[in-house]
Amino acid sequence: MIKVSVLYPSGAGSKFDMDYYCTKHLPMVQEKLGAACKGVSVDKGLGSPEPGAPAPFVAMGHLLFDSIESFQAAFGPNAATFMADIPNYTDIQPTVQISSVQI
């Protein structure tokens, strides 16, 4: 199992519409990825270990797939559609990481 994480760093003056992300963007992503996507979760940043410090990430989206190959086969044909929707919920340049799920 692999996890594709899309990380949205916190930054002064940046915008992130969590409602749009959860109710419009991710359902569209799931629909387009189809059965290749085995699960989705979203983390909303609340803070850091230091009291009063902001969270390093405003949000993180996570998608589960059986393999990198299944992710690439499902994502590739839809990448332009996914990217075109980003300005509807954020002006943050996301960072993407693909990880192997160990536990």
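Worth pointing out:
- Here the 3J(HN,Hα) profile of the range 3-16, calculated from phi with Karplus coefficients 6.51, -1.76 and 1.60 at θ = phi - 60°, is 10, 9, 10, 10, 9, 10, x, 5, x, 4, x, 7, 10, 8 Hz, Gly and Pro shown as x.
- 3J(HN,Hα) along the range 49-64: x, 6, x, x, 7, x, 5, x, 10, 6, 7, 9, x, 10, 10, 9 Hz, from the Karplus curve 6.51 cos²θ - 1.76 cosθ + 1.60 with θ = phi - 60°, whole Hz, x for Gly and Pro.
- Cβ-based exposure ranking for 63, 7, 46, in which fewest neighbours within 10 Å come first: 46, 7, 63
- Global geometry of the chain, whether rounded, prolate or oblate, following the gyration tensor of its Cα atoms and the 1.5 cut on a/c: oblate
- Cβ crowding within 10 Å, taken as a proxy for footprinting-reagent exposure, orders 69, 50 from fewest neighbours to most as 50, 69.
- Dividing the summed helix terms, -39500 (n - 2.57) for each DSSP H run of n ≥ 4, by the number of residues in the chain produces a 222 nm estimate of -6000 deg cm²/dmol to the nearest 500.
We did not get these values from a lab; they are worked out from the coordinates using the rules stated. The shown structure was predicted, so the numbers you read here are calculated from the model rather than taken from an experiment. FYI the Cβ positions are ideal-geometry reconstructions off the backbone, even for glycines, and counts take in every protein chain you see.
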